[in-house]
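Notes follow the structure.
Nothing in this text is a laboratory measurement; each read-out follows from the coordinates by a stated rule. Bear in mind that the values here come from a model prediction, so they are computed numbers and not experimental data. Because the Cβ atoms are built from the backbone with ideal geometry, glycine has one as well, and the counts that use them run over all protein chains shown.
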Amino acid sequence: VFVPESNNMNDLLSEYYYYIGEDKFKWNMKLSNVDLENKIVTFENGDTILYDKIISTLPINIFYKQCDLDCQYEFKNKTIYITNYKTTNIVPNWLIVLYISDLKFPPYRITVMNNILSMESITEMTDADKIIVKYHLEDLFDYSLDSEKKYAWDTGRIFGLSKYETEQNVRQFESKDIYLVGRYSRW
């Protein structure tokens with residue numbers, strides 16, 4: 001992974017923007033429809049673009065809907081709850097990832113990047129959980145429980161398709177110059 005010297009991932013996006021070309025980027029746009037026949041992408045604000053190729057990071061089940069296609073597969077997922085805290089006294093450009101295999105410990109993964117301590121759990125952490133986790137992590141990371149921000153990621157934990165089913169989906173879209181790297185695909 002590349003982490004910008006500024007320790008801000010937004011700077012990485014800005015550098016891509018200038019390097020690749022401003023005309024190749026649209027920011028804060030929500031996809032409305034993909035016309036596979038005419039190679040036209042439409043956004044919710046009504047803007048359209050013609051495309052030669054698409055690299056999509058959308059989950060496949062959402063991309064199918066945007067293309068007005070029915071899918072024969074069932075895409076199963078479970079919401080992941082993310083609890084973030086600001087960290088202090090840490091080397092700014094490190095990426096630290098801890099995986100916790102003990103099912104009794106609320107977060108199963110803890111990531112630190114850009115001075116954010118991010119905890120992922122299968123259930124939303126209670127106040128008691130947060131205090132217990134802080135007790136176990138206080139020798140490793142400086143953070144305040146007051147800096148908490150919470151999110152729920154609906155397609156966070158996926159239960160995928162078989163390798164054969166995934167390859168079928170990928171080939172179907174590649175034949176239309178669309179490369180899927182979103183959830184349930186190659187990612």
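Key figures for this structure:
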item	result
Alpha-carbon spread of the stretch 94-187, three principal axes, descending order, Å	52, 27, 20
Restraint check, Lys76/Lys134; Lys26/Lys53; Lys24/Lys176, Cα-Cα greater than 23 Å	Lys76/Lys134
Rounded to 10°, Cα long-axis angle of helix 163-174 versus longest principal axis of the chain	50
Nearest-ten-degree value, helix 9-20 long axis tilted from longest Cα axis of the chain	30
Viscosity 1.002 mPa s, temperature 20 °C, Stokes-Einstein D of the stretch 75-147 from Kirkwood C-alpha radius, µm²/s	168
Rounded to 10°, Cα long-axis angle of helix 127-137 versus longest principal axis of the chain	80
By average C-beta atoms within 10 angstrom, highest first, the peptides 117-123, 8-14, 98-104, 145-151	117-123, 8-14, 145-151, 98-104
The stretch 1-65: trypsin sites (Lys or Arg not before Pro) in DSSP coil with no more than 10 other Cβ atoms inside 10 Å	Lys30, Lys53
5 Å-binned pair-distance histogram of the chain (Cα, whole percent)	1, 6, 12, 14, 14, 14, 14, 11, 7, 4, 1, 0
Net dipole in debye of the chain [+1 Lys, Arg Cβ; -1 Asp, Glu Cβ; about Cα centre; nearest 20]	400
